[in-house]
Amino acid sequence: MKNFDLIVIGAGAAGLFCAGVAGQLGKKVLVIDHAKVLGEKIRISGGGRCNFTNLNTTHQHFLSMNPHFVKSALAQFSSHDFIELVKKYQIPFHEKHQGQLFCDESAKDIIQLLLKECELGHVEILNPVAVEKVEPMDGLWNISTKDTDYVAKNLVIATGGLPVPAIGASDFALQIAKQLDIAVVEPKAALVPLAFTSQIFSAIEDFAGLSTKVHISAGKAKERYGFGQFDEDLLITHKGLSGPAVLQASSYWSEGEAIHVAWVAKEKLENLLAQEDSRLKTVDNLLIEFLPARLAKEFAKQLGIHGKKWAEVAKKTRQALVDLLCEWNVKPAGTLGWNKAEVMLGGIDTKELDSKTLMSRRYPGLFFIGECVDVTGHLGGHNFQWAWSSAYVCANNLIL
Ligand SMILES: Cc1cc2nc3c(=O)[nH]c(=O)nc-3n(C[C@H](O)[C@H](O)[C@H](O)COP(=O)(O)OP(=O)(O)OC[C@H]3O[C@@H](n4cnc5c(N)ncnc54)[C@H](O)[C@@H]3O)c2cc1C
């Protein structure tokens, strides 16, 4: 049996950062991960460049049953604190869009940063090693692996969410919650492309790969997370809809609901259509002011006005065109599931945790951090920021 001050299960973004911080505070730390290769989710993140934080992160960029829960952790360790660390390691980075910060070169720079922080804190990392049993025992946590038992006063569960099982995701945190009777908010795939059973366009193949900026919203189920509205790019694929707009909306979408897309702002469209010189233009030619030509033609065809001059279009059809372009409601059949999702919605119920420390309210010395908690960020670096912030507050509040 080996003794530590802290055992972290899960060597991903949150687990490694927590271990490094605690180690550098003088704690004897062990990290256990079942994966052969560490930091795989970081490696594939942000298209290989890791959108590691966002300059504008606030509590409003998160979905949680308790929308205020993240405030304390974000205040204790903000995106600017993580940026300082990235600068200390001289990792080149740039801002891409709406405050999103990406590595210039590779997401591997962030993995190296985390491993170096662990090295500085003399953290011991065991992988690939499966945890067989977790048991509370006389004020300590006993962690059994095939060969050895490890004991610590503090146990951090940082095993992430369910997305992308092929690179090591598991329901470990949810299983521990079940074992200890800790409440869980039902998990659901989020930041995920949406699928459609029926074709949404006459021949969807013709539109696959097409991307255009839209205003999108989803979420009739206001009682859960509110209403998500975004101005982002929508991408049409062979399977349905994707791109940042749809990924963002997917987090607010519930089965059976429609998503609402404005391909163009109503005011802009109505202004254009009311102009005198619009009368003699064809509908297709008018719409390409706002839409890719193929899409403009598709919408004109759907209303039987493809190639027609605007002056020739009946009043009723004119209104139908405005409705179609500004209030396009379509019901997804579902999501593309855990293999394609970027994050998990739901997880350990925040009611069970102290927001200032991430410690369990009922089990002293037990912490849950990162994605396994019911805190889910919007697209744009907010999920990693939650991993860093929750890890930092946990590492600074271990019991002695
Ligand atoms: C394709 C993709 C792209 C993304 N891009 C971004 C991005 O650019 N910006 C952003 O903010 N977020 C992004 N995310 C989300 C981000 O990766 C996660 O929110 C973040 O990694 C969560 O950190 P975590 O430490 O909680 O979990 P993870 O980083 O997933 O780490 C969990 C660790 O626990 C280990 N583990 C799991 N089960 C067990 C077990 N039973 N025993 C032992 N170890 C276990 C895993 O092997 C893993 O090492 C992306 C996600 C995906 C899937």
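The values are calculated or read from the model by the stated rules, or taken from the named source; none is laboratory data. Since this is a predicted model, take the numbers as computed values, not measurements. Methodologically, a virtual Cβ is constructed for each residue, glycine included, from the backbone with ideal geometry; neighbour enumeration extends over all protein chains shown. When the accessible area is computed, the model is the full protein with side chains, heavy atoms only, and any ligands, DNA or RNA have been set aside. Shrake-Rupley method; radii C 1.70, N 1.55, O 1.52, S 1.80 Å.
A Cβ distance below 7 Å, combined with a sequence gap of six or more or placement on separate chains, defines the contacts here; from region 366-385, residues that are closer than 23 Å to Pro136 by Cα and within 8 Å of the ligand (Cβ to nearest atom) reach residues that are among the hydroxyl-bearing types (Ser, Thr, Tyr) and part of a loop (DSSP other than H, G, I, E, B) in the pairs Cys372/Thr159. Taking (1) in a strand (DSSP E or B); (2) within 16 Å of the ligand (Cβ to nearest atom); (3) surrounded by fewer than 16 Cβ atoms within 10 Å (Cβ to Cβ) in turn, Pro136 satisfies each apart from (2). Restricting attention to region 147-194, the residues being more than 12 Å from the ligand (Cβ to nearest atom) and of a type in the set (A, V, I, L, M, F, W, C) number 10. Scanning region 110-133 for residues that are touching a residue at least 40 places away in the same chain (Cβ under 8 Å), farther than 21 Å from Arg43 by Cα and open to solvent by 50 Å² or more (accessible area, probe 1.4 Å) yields Leu120, His122, Glu124, Ala130. Put simply, of Val37, Val31 the only residue that is within 13 Å of the ligand (Cβ to nearest atom), open to solvent by less than 60 Å² (accessible area, probe 1.4 Å) and either without any contact (Cβ under 8 Å) to a residue 60 or more places away in the chain or among the β-branched types (Val, Ile, Thr) (or both) is Val31. Of the residues screened, Val21 is not one that is in a strand (DSSP E or B), touching a residue at least 40 places away in the same chain (Cβ under 8 Å) and either out of contact with any Phe, Trp or Tyr (no Cβ under 9 Å at 6 or more places or on another chain) or open to solvent by 10 Å² or more (accessible area, probe 1.4 Å) (or both). Selection within region 40-73: residues that are aliphatic (A, V, I, L, M) and open to solvent by less than 20 Å² (accessible area, probe 1.4 Å). The member of this set that is nearest to Thr159 (Cα to Cα) is Ile42.
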